[in-house]
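For reference, the structure is listed below as structure tokens.
The values are calculated or read from the model by the stated rules, or taken from the named source; none is laboratory data. As the structure is a prediction and not an experimental result, all values here were calculated from the model. Every residue, glycine as well, gets a Cβ built from its backbone with ideal geometry; the counts of neighbours run over all protein chains shown.
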């Protein structure tokens, strides 16, 4: 940690709170999270941390690390193409190049509260932990002992979207991850995302993602 602590300490002292830090890879992000925790910073309420690659390191953090998930095969293919050009004696283009991504895996290092609404923060954590189990807005409302209209107004005011939208997004993100990291057929994948059968899952995925699960898997595994 000695190679980043001095600069990190300087930034933390100079910047106000809340503060966001981007780490170029998950291992560095994990080191930063560990350092902040040891120094007594509240994550993510005082300092949020976002990293890249969405590796196992991101999930080993406490709190878990939000991370940008890359489209590994396409990124690797571009890297090989550049390496082949370099080895053949061609000049290497050093200009920055956009890297294709799958999205951001949002976890505890950035999933924080806003304006002190701890109940909404708690609700969002419940959603991320249990959306794949089929949790509904009514179940959330009953668990939190608030009226649905009040809960939805507060949720929208703090996040910009409804709790139902967040539940759908979490389920969609999890479905995408399973499609790309497993070979499970739709009939086995559906219950892992909170659906009773294959048909309901396919209808949901096509509505939310604009394509079928099978087409999404084939397109993003090229």
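Couple of notes before you dig in:
- The set of residues in region 178-192 that are under 21 Å from the mean Cα position of the chain (by Cα) and either in the same structural domain as residue 105 (by TED's automatic domain parsing) or closer than 10 Å to residue 213 by Cβ (or both) comprises 178, 179, 189, 190.
- A Cβ distance below 7 Å, combined with a sequence gap of six or more or placement on separate chains, defines the contacts here; from region 68-93, residues that are assigned by TED's automatic domain parsing to the domain that holds residue 55 and surrounded by 11 or more Cβ atoms within 10 Å (Cβ to Cβ) reach residues that are assigned to a helix (DSSP H, G or I) and at pLDDT 70 or above in the pairs 71/220.
- Residue within region 138-161 that is free of Cβ contacts under 8 Å to residues at least 12 places away in the same chain, outside the structural domain of residue 41 (by TED's automatic domain parsing) and under 30 Å from residue 30 (Cβ atoms) present: yes
- For region 1-39, filtered to residues that are surrounded by fewer than 13 Cβ atoms within 10 Å (Cβ to Cβ), in a loop (DSSP other than H, G, I, E, B) and over 24 Å from the mean Cα position of the chain (by Cα), the residue that is modelled with the highest pLDDT is 39.
- Here residue 133 fulfils each of the conditions (1) surrounded by fewer than 13 Cβ atoms within 10 Å (Cβ to Cβ); (2) at pLDDT 80 or above; (3) closer than 22 Å to residue 28 by Cβ apart from (3).
- Meets criteria (surrounded by fewer than 16 Cβ atoms within 10 Å (Cβ to Cβ) and part of a helix (DSSP H, G or I)) for residue 196: no
- Only one of the numbered conditions (1) at pLDDT below 80; (2) closer than 21 Å to residue 36 by Cβ is violated by residue 110, and that is (1).
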